[in-house]
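J.: Questions regarding the structure given below will be posed in turn.
The values are calculated or read from the model by the stated rules, or taken from the named source; none is laboratory data. Model, not experiment: these values are computed from the prediction. Positions of Cβ are generated from backbone atoms using ideal geometry, with glycine treated the same way; all protein chains shown enter the neighbour counts. Side chains included, ligands, DNA and RNA excluded: accessible areas come from the protein's heavy atoms. Shrake-Rupley method; radii C 1.70, N 1.55, O 1.52, S 1.80 Å.
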Amino acid sequence: MNIRVNGQTLHFSKEKMTIIDLLSSYQLQEKIAVVERNKEIISKEAYRRTELKDGDMIEIVHFVGGG
Amino acid sequence: MLKIGDKTFRSRLLLGTGKYPNFQVQKEAVAVSDTEILTFAVRRMNIFDPNEPNLLEELDLQKYTLLPNTAGAKTAEEAVRIAHLAKASGLCDMIKVEIIGCEKTLLPDPFETLKASKQLVNEGFTVLTYTSDDVVLAKRLEEAGVHAVMPAASPIGSGQGVVNPLYLQFIIEQAEIPVIVDAGIGAPSDAAYAMEFGADGILLNTAVSGAKDPAKMAEAMKLAVESGRLGYEAGRIAKKTYATKSSPEAAMME
């Protein structure tokens, strides 16, 4: 399936995938980050049960330097 | 003590975390500044480089309160989205509402700013709003329930210092919430000046991060804010046109 992550289309060969699978595949599971799926924030508790669908738009954001 | 919402702070200097020459210098500047509130922006993570250094991961979060900003937002809706993302980190409930209405001056869009501030107050955020030196807008923001107003001293990153002290003083006089002068500070004297005429705090970033020696400037700003505050509390003398002798006239030798 194709998922749009932070503005880039990424292809995954898996048929079933959750948010935690996506984060783990980039070693991001321990990071201080917030995940939005189709403009809806996914709580950390829901990472394991939230399945991704083809065409989903995911934003993975964090805090960066700013004034 | 500076009280914002239900939190109390010893330091009256709020420090931005953008644009430091490197990570080490940034950490030093933050430590020396003695700040308790650090601002951050919310942005996409570089998922292909998970080990990119990130200040937040090295901070003692017991020691600092995070003040994420909504920078990048041009509408109330975008600002509210960023605020929600920031809060979902579980690390903070404060938000700096910053909605730019003009790219050249980086002055805020007053309508969107008021709208977003109202909504976020209603949702239970502790709201600190970046605004211009507009006296009436500052009043409207206070009426909307924001926890602090943050008028700019001059345009963001310009280092021009306090360009309209009169309007800032009007804002301070009328406000019953903290007034934090945010943006435009260049030199320690700018920070001290705003504190002397009654600002409750100073938020700055470029003045420190862009200085030749950021850590030294962080210390200078810390001292300037403390000094300005002491001066305000002490109550300065009134200005007079002509001189007044400091030494007694009496008992002068013949």
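J.: Give the relative contact order (percent, whole number) for the stretch B:3-67; include only Cα pairs under 8 Å separated by 6+ residues.
T.: This gives 36 percent for the stretch B:3-67.
J.: Just tell me how shielded B:66-77 is by partners: mean number of partner chain Cβ atoms within 10 Å of each residue's Cβ, no decimals.
T.: Numbers: counts 1, 1, 2, 3, 1, 2, 1, 0, 0, 0, 0, 0.
Taking the mean over all residues of the peptide, I get 1.
J.: Something else: Can you give me the C-alpha center-to-center distance between the stretch B:212-239 and the stretch A:1-54, rounded to a whole angstrom?
T.: 48
J.: Does the stretch A:2-62 come out rounded, prolate or oblate by the C-alpha gyration tensor, with a ≥ b ≥ c the root eigenvalues, rounded set by a/c under 1.5 and, if not, prolate when a/b is larger than b/c and oblate if not?
T.: rounded
J.: Relative contact order of chain B, please, whole-number percent, based on alpha carbon pairs below 8 angstrom and at least 6 residues apart.
T.: Working: 499 pairs, mean separation 48.0, N = 254.
Relative CO of chain B lands at 19 percent.
J.: Chymotrypsin sites (Phe, Trp or Tyr not before Pro) within the stretch B:193-243: which are DSSP loop residues with at most 14 other Cβ atoms inside 10 Å?
T.: Numbers: sites: B:TYR193, B:PHE197, B:TYR232, B:TYR242; in loops: B:PHE197, B:TYR242.
Of the chymotrypsin sites (Phe, Trp or Tyr not before Pro), the ones in loops of the stretch B:193-243 whose Cβ has at most 14 other Cβ atoms within 10 Å are B:TYR242.
J.: Moving on. Would you tell me the mean number of C-beta atoms belonging to other protein chains that fall within 10 Å of each C-beta in B:36-46, as a whole number? Walk me through the intermediate numbers first.
T.: Numbers: counts 0, 0, 3, 4, 6, 7, 7, 7, 10, 15, 5.
That works out to 6 on average.
J.: What percentage of the solvent-accessible surface of chain A, computed with a 1.4 Å probe over protein heavy atoms, is contributed by carbon and sulfur atoms? Don't skip to the end; give the middle numbers.
T.: Values: 1740 of 3740 Å².
Looking at chain A in its full context, I get 46 percent from C and S.
J.: Considering only protein heavy atoms and a 1.4 Å probe, what is the carbon-and-sulfur percentage of the accessible area of the stretch B:127-252?
T.: Numbers: 3390 of 6310 Å².
Carbon with sulfur: 54 percent of the solvent-accessible area.
J.: Springs between alpha-carbon pairs under 10 angstrom, Gaussian network model over chain B: which of B:LEU114, B:LEU61, B:LEU106 fluctuates most?
T.: B:LEU61
J.: So with the 1.4 Å probe, I'd like the accessible area per residue for the stretch A:2-62, rounded to whole Å². The partial results should precede the final answer.
T.: Details: 3570 Å² over 61 residues.
Result: 59 Å² of accessible area for each residue.
J.: Once a ≥ b ≥ c are taken as the square roots of the eigenvalues of the Cα gyration tensor of the protein assembly as shown, is the result rounded (a/c under 1.5), prolate (a/b larger than b/c) or oblate (a/b not larger than b/c)?
T.: Prolate.
J.: To the nearest 500 deg cm²/dmol, what mean residue ellipticity at 222 nm is calculated for chain B from DSSP H runs of n ≥ 4 alone, each contributing -39,500 (n - 2.57), summed and divided by the residues?
T.: For chain B, the value works out to -11000 deg cm²/dmol.
J.: Using only helices, what value at 222 nm comes out for chain A when you add -39,500 (n - 2.57) per DSSP H run of length 4 or more and divide by the total residues, to the nearest 500 deg cm²/dmol?
T.: Numbers: 1 runs with 7 residues, N = 67.
Rounded to the nearest 500, the figure is -2500 deg cm²/dmol.
J.: Further question on the same structure: Just grab the label-to-label distance for A:ASN2 and B:LEU166, each label 7 Å out from Cα along the Cβ direction, in nm (one decimal).
T.: About 6.0 nm separates the two model spin labels.
J.: Only Cα pairs under 8 Å and at least 6 apart count here; give the relative contact order of the stretch A:3-66 as a rounded whole percent.
T.: On the way: 75 pairs, mean separation 30.1, N = 64.
Averaging sequence separation for qualifying contacts and normalising by length gives 47 percent for the stretch A:3-66.
J.: Please compute, for peptide A:21-32, the average count of beta-carbon atoms on other protein chains lying within 10 Å of each residue's beta-carbon.
T.: Numbers: counts 0, 1, 2, 0, 1, 6, 3, 3, 1, 2, 7, 8.
Taking all residues of A:21-32 together, the mean is 3.
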